[in-house]
Every structure is written in C-alpha cells, then in structure tokens.
Amino acid sequence: MALGNALATRALYRGLLWSLAILVPTLFLGRFFCGWICPLGTLLHFAGSGKSPWKRGARRLASNRYRPWQAAKYWLLSMLLGAALYGVTWLLAFDPIAILVRSLGASVLPALDRWSLRAAAFPAGVFLGLILAGLMVANLWITRFWCRALCPLARCWG
C-alpha cells in the first residue's frame, strides 16, 4: 500500500515508513503479515477449515497444492502498481483489511441490527456482503482461495 501510495502521489510520507515494521519480518519469516496480522486471512482460514464435500480425502490435499493460476495475483499487483503510476489507486480495493472492515461495517453489522433493516444505511452494503460471502464460500473448494489467488499481499506458495 505504501508503494502504491508513493507511486500515485510521487511522494513518500514519513508515516508510511512504519510499514517497514511489517515488510522486514515478512522478508525473513515468509507469511508474517498473512499469518499474524491479516484478519481476513484468519476469517477465511477458519471458514475453509470446516467440513466440505469438495475437500475430502485426496481432494483436501489437492486443494492445498500450488497451481500455476495462483500467479495471477502477481499480474494483478503489477497492473495495480502500474495504475498507481498514473495516479489511479485501486490497491485499496484489494487490501484484505479494507475488504473485511468495509464488508462488516456496511453489510454484516447493519444486518445484525434489526432496526437498520427499515432504513437503507448503505446502498452498497449488499454488494460488499456478497463479496465477503463469496470469498468465504470459495474456501470450500480451494483452501485460502483469496490469499492464494487474489491477495496482492500474499505469496503464491504460502
């Protein structure tokens, strides 16, 4: 995110240097962010650990193997960083923390509040809720689908 911001604004803000506190351990420890910090990855890992008719026996092992299409997230990251060069910052749309917070705040929590059903609090709430639900359901087929296929912050072999 700091790199995308720096490319889009042509400036590196001092506050963004705090991202090195996550980046440096990740370089040496691998999936440091994914395993210890990312709340969406934790939620999706929990959702994917349930019993699934699509992941039994050998299929469960196969769902954890690396597939060449998982490298698509690097193409996505490249396109997002390229867009940032032109001032278009779409990286935040693929930030796992932003996805989880927006989905919970605009769809899940208002749906749990019985009075919010009378008023349309957030028009995009249903759409954001469907994105989160879709990511959770995708874990029934492929373990950690979001992390492996789309997340520009995660490594392919993780």
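The values are calculated or read from the model by the stated rules, or taken from the named source; none is laboratory data. These figures come from a predicted structure and were not determined experimentally. Accessible surface areas use protein heavy atoms only, side chains included; no ligands, DNA or RNA. Shrake-Rupley method; radii C 1.70, N 1.55, O 1.52, S 1.80 Å.
Key figures for this structure:
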{"quantity": "Percentage, to the nearest whole number, of Cα pairs in segment 12-97 over 14 Å apart", "calculated": "78 percent"}
{"quantity": "Structure-based [θ]222 nm, the chain - -39500 (n - 2.57) summed over DSSP H runs of at least 4, per residue, nearest 500", "calculated": "-14000 deg cm²/dmol"}
{"quantity": "Å² of accessible area per residue within the chain, as computed with a 1.4 Å probe and no ligands counted", "calculated": "64 Å²"}
{"quantity": "Kirkwood-based Rg to Rh ratio, the chain, C-alpha trace", "calculated": "1.01"}
{"quantity": "Carbon and sulfur %, accessible surface of the chain computed with the full protein complex present, 1.4 Å", "calculated": "73 percent"}
